[in-house]
Each structure stands twice: as C-alpha cells, then as structure tokens.
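Novice: Here you go, one structure.
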C-alpha cells in the first residue's frame with residue numbers, strides 16, 4: 001500500500017525517515033474492515049486497553065512493593081494506606097486482572113462461535129492461545145506477590161503439580177522454589193517473572209495484530225470480503241464504535257474498583273502467609289477454576305499414568321486443544337449462524353465450561369468429583385468427537401452471496 005502524502009512538513013520529514021505515521025494510517029484509515037462487525041468485535045481492542053492499564057498500574061505498584069517474605073504483605077498494606085492513591089492503583093490492578101480475563105474469555109468464545117480459528121486465520125488463532133497462556137502465567141505469579149495465606153498455599157499447590165512429571169519433575173519444582181520449600185527465593189523469582197512476562201505479552205500481541213492485519217478480521221457471516229462495498233475503513237467507523245464500547249466497559253470496570261473492590265478476591269488472602277496454618281479450602285482465582293476442576297477430576301490411574309500426572313496432563317490439554325481447533329473442526333462453514341447443530345453444541349460447551357468453573361470452587365468430595373469427571377469428559381468430547389463428526393455430517397444453511405448483499409438485504413427487510 002502506498003504511503004499517504006503528508007501536508008505537515010514536520011510529519012512528512014519524520015515519516016520519510018521513520019514511517020510511523022504511515023503505519024498508523026494503514027492500520028486505521030487505510031485498513032479495510034468488514035462492514036458488518038457487531039459489538040462482540042470490540043473485545044479485542046478492550047483487551048489491549050486493559051493490558052495497558054495493567055502494565056501502567058503494575059509499574060507504579062512495583063515502585064512501592066518489597067519482594068521479601070517478611071515485608072511483602074506489609075508493603076502491600078502500606079500501598080493501600082500510606083501511598084498517595086495507592087489504594088486506587090492497587091484496586092485497578094487487582095480488579096483489572098479479572099476484567100482482562102472476562103474480556104479475553106468473551107473474545108475467545110466469540111471466536112469459537114463465529115469460526116474465527118478457521119483458515120486463513122490459523123496463525124492468528126494460535127497466537128491468541130499463546131497470549132492466553134502468557135496471561136495465565138502472569139496472573140498466577142501476580143497472585144503470589146501479596147503473600148497472603150492463599151498466595152502462599154496456592155503457590156505451594158500449583159508448583160507441586162510439576163513434581164508429577166517423571167524424572168524431571170522434582171528438578172522443576174526445586175528450580176521454581178529456589179530451594180526446598182516455597183520461601184523468599186520463590187517470591188523473588190515470581191516477582192521477576194511477573195514483571196517480565198507483560199513485555200513478552202506485548203510482543204506476542206504485536207504479532208497477533210500483525211497477523212490480523214495480514215488476513216483481515218473475520219465477521220459474523222464467516223465469509224471473506226469479495227467486493228469493495230463489503231468493507232469500510234477502520235477509522236472513523238470502528239474507532240468510534242470501540243470508544244463507545246470502552247465507555248460502557250469502564251463503567252462496569254470502575255463499579256468494581258470503587259464499590260466492590262474485593263468482589264473477586266479471597267478473604268484468606270488478607271491474612272499474612274503462614275506456612276504452619278493450611279487454609280480449610282485452597283482455591284485459585286476464578287479464571288483458573290474450570291482448569292482446576294479438570295485437574296481434580298482425574299482421581300484414578302490411566303493405564304501406566306498415575307492420577308496426579310493424568311490430572312496435570314488433562315489440565316494443560318484443556319487449553320492446548322484450542323491450538324488444534326482449526327484442524328479438529330472439518331466444516332468449511334465458519335459461522336454458527338449457518339450451522340444449526342453446531343450452534344446448540346456451542347452453547348452446551350459454554351454451559352459446561354461455566355459449570356466446570358463452579359465445580360472448581362467446590363470441595364473435592366462427592367457429588368462434585370463425579371460431576372467434574374462428567375463435565376471433563378464432555379469438554380474433551382466436544383473437541384475430539386463432536387466437532388469432527390459435525391464437520392462430516394452437519395448440513396449447513398446456504399451462505400449469502402457477499403457481506404454487502406446480506407447487510408443491504410437486512411436493511412431493506414427492516
């Protein structure tokens with residue numbers, strides 16, 4: 001694409017040497033976007049916005065945080081009580097983690113529904129899964145830093161999972177701990193990694209956006225742009241739509257910051273970490289609960305695989321299976337709008353995922369264990385059995401001729 005002619009001499013001089021303004025132009029005004037995107041496509045830009053909020057608030061928190069087991073909890077209390085607007089920065093950061101996952105989960109399940117993982121967007125989708133994994137690692141490390149009861153014991157339980165791997169498991173755990181128990185070296189490691197991972201996250205987000213601009217956005221119809229009238233410029237049409245979505249989203253976000261800041265938190269994490277007192281019920285943050293339920297669902301050996309290792313493999317597989325989604329779903333139709341059977345299975349999958357989240361918070365006892373096992377079986381069956389079968393046998397509805405034809409027909413019908 002040719003570079004625009006800039007009238008401002010300063011912009012022209014800079015752009016001829018470092019074409020940053022041309023890049024911004026091509027990414028907004030010069031970027032053709034499907035004309036039928038709905039508000040579910042706002043969540044990509046919302047995720048980037050929350051990521052920026054998290055990095056900025058984390059930077060200011062790091063100025064006052066002390067990564068030492070004897071001082072970490074008190075340093076967080078000092079941020080809340082003595083640092084100017086420290087309470088606001090911490091609540092933005094703490095609730096921002098939950099907002100980030102809410103936005104990304106909606107973004108991912110929108111991709112499930114509209115088939116955004118299908119060709120030619122496989123790399124775009126895989127990069128999205130990598131972003132999700134980096135988010136989970138960053139969030140887990142960050143949850144340990146306040147050094148409350150749930151921080152200590154959550155770190156102990158999760159890091160101990162790696163001991164299930166034969167031969168190398170104990171070495172991995174020792175490396176993560178920096179010793180033979182969760183202690184000061186562990187906290188220092190987690191603090192360093194928590195500070196580093198957002199920069200890696202930004203790099204992968206950059207690749208994600210690069211891939212997006214290479215293959216163009218998907219759309220609710222799941223068909224490609226064929227005619228000039230199928231697309232409109234990203235700016236001003238979608239920038240203003242994104243800004244409106246951000247306004248609504250920040251009303252929701254700031255409600256929790258100002259009126260319910262501890263809604264997503266665990267009460268036990270407001271007690272200083274005590275390795276001599278185990279909490280009655282150790283649970284991770286809400287956004288990890290579905291995977292935690294899958295982990296605990298494996299209570300039996302699978303052939304030569306011990307139950308503990310089987311649970312760890314199932315937990316990681318529940319996320320990594322998303323990478324194979326473009327090849328597991330053999331249907332040539334992308335959008336669930338034209339796949340009548342797939343549409344219902346999508347809603348069952350969503351309900352199953354939410355149910356697993358509920359089960360992850362429940363005690364590891366009956367009837368919750370058997371429920372977790374049934375929900376886990378269905379979760380994997382959806383990807384490995386149902387999707388391949390639907391790709392072969394489902395009869396889809398006829399696709400519209402083009403995006404513009406469908407949009408104009410809808411306008412005429414209205």
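Since every read-out is calculated from the coordinates, none of them should be taken as a lab result. Nothing here was measured: the structure is a model prediction, and the numbers come from that model. Quick reminder, even Gly has a Cβ in these numbers, built from the backbone with ideal geometry, and neighbours come from all protein chains shown.
Novice: Could you please rank 266, 224, placing first whichever residue has the fewest other Cβ atoms within 10 Å of its Cβ?
Specialist: If I rank by nearby Cβ atoms, fewest first, I get 224, 266.
Novice: Follow-up. For helix 149-160, report the angle its Cα long axis makes with the longest principal axis of the Cα atoms of the chain; keep it between 0 and 90° and round to the nearest 10°.
Specialist: Rounded to the nearest ten degrees, it is 80.
Novice: Tilt of helix 122-144 relative to the longest C-alpha principal axis of the chain, in degrees (0 to 90, nearest 10)?
Specialist: 30
Novice: Among 159, 138, which comes first, then next, by fewest other beta-carbon atoms within 10 Å?
Specialist: Values: 159 20, 138 23.
Listing 159, 138 from fewest to most nearby Cβ atoms yields 159, 138.
Novice: Note down the relative contact order for the chain as a percent, whole number, built from C-alpha pairs under 8 angstrom at least six residues apart.
Specialist: 22
Novice: Sticking with this structure for a sec: Considering only 354, 294, 302, give the residue with the highest GNM mean-square fluctuation for the chain, with springs between Cα atoms whenever their separation is below 10 Å.
Specialist: Evaluated over the chain, the most mobile residue of the options is 302.
Novice: Counting alpha carbon pairs within less than 8 Å and at least 6 residues apart, what relative contact order, in whole percent, applies to the range 1-108?
Specialist: Relative CO of the range 1-108 lands at 29 percent.
Novice: Once you put a point 7 Å from the Cα of residue 183 and another 7 Å from the Cα of residue 71, both along the Cβ direction, what distance in nm separates them?
Specialist: Calculated label separation equals 1.9 nm.
Novice: State, to one decimal in nm, how far the label point of residue 84 lies from the label point of residue 20, with both points 7 Å from Cα in the Cβ direction.
Specialist: Going by the 7 Å Cα→Cβ label model, 2.9 nm.
Novice: Looking at (1) 185; (2) 173; (3) 116, which value of volume of the Cα convex hull per residue in Å³ comes from a calculation on the structure shown?
Specialist: (1)
Novice: Just want to confirm a number: the relative contact order over the range 38-93, from Cα pairs under 8 angstrom separated by 6+ residues, in percent. Walk me through the numbers on the way to the answer.
Specialist: On the way: 29 pairs, mean separation 20.5, N = 56.
RCO, the range 38-93: 37 percent.
Novice: Top mean-square fluctuation among 234, 43, 300, Gaussian network model of the chain, C-alpha springs under 10 Å?
Specialist: Largest GNM mean-square fluctuation: 300.
Novice: In nanometres, what is the gap between the two model label sites at residue 170 and residue 377, each 7 Å from Cα along Cα-to-Cβ?
Specialist: 3.6
Novice: Something else: What FRET efficiency comes out for residue 59 versus residue 384 if R0 is 35 angstrom and r is the Cβ-Cβ distance? Round to the nearest 0.05.
Specialist: FRET efficiency, residue 59 to residue 384: 0.25.
Novice: Suppose the chain between residue 258 and residue 192 were pulled fully straight at 0.36 nm per residue; how much longer would it get relative to their current alpha carbon spacing?
Specialist: Gain on stretching residue 258 to residue 192: 20.8 nm.
Novice: How would you rank 157, 257, going from fewest to most other Cβ atoms within 10 Å of each one's own Cβ?
Specialist: Final ranking by Cβ density, sparse to dense: 157, 257.
Novice: Contour minus end-to-end for residue 358 and residue 397, with contour as 0.36 nm per residue of separation and end-to-end as the Cα-Cα distance?
Specialist: Values: separation 39, 0.36 × 39 = 14.04 nm, distance 3.51 nm.
Difference between extended and current length: 10.5 nm.
Novice: Could I ask something else about it? For the chain, modelled as a Gaussian network with Cα springs under 10 Å, which listed residue fluctuates most, 267, 185, 220?
Specialist: 267
Novice: Which part of the range 106-134 falls in the paramagnetic zone of residue 327, meaning amide N under 18 Å from the point 7 Å along Cα-to-beta-carbon?
Specialist: Residues 117-130 qualify, since their backbone N sits under 18 Å from the label point.
Novice: So, one more: With r defined as the distance between the Cβ atoms of residue 303 and residue 248 and R0 fixed at 45 Å, what FRET efficiency is calculated, to the nearest 0.05? The partial results should precede the final answer.
Specialist: Details: r = 51 Å, r/R0 = 1.13.
It comes out at approximately 0.35.
Novice: Which values of log₁₀ I(q)/I(0), to two decimal places, follow from the Debye formula for the range 211-356 at q = 0.09 Å⁻¹ with a uniform point scatterer at every Cα?
Specialist: The Cα Debye sum returns log10 ratios of -0.56.
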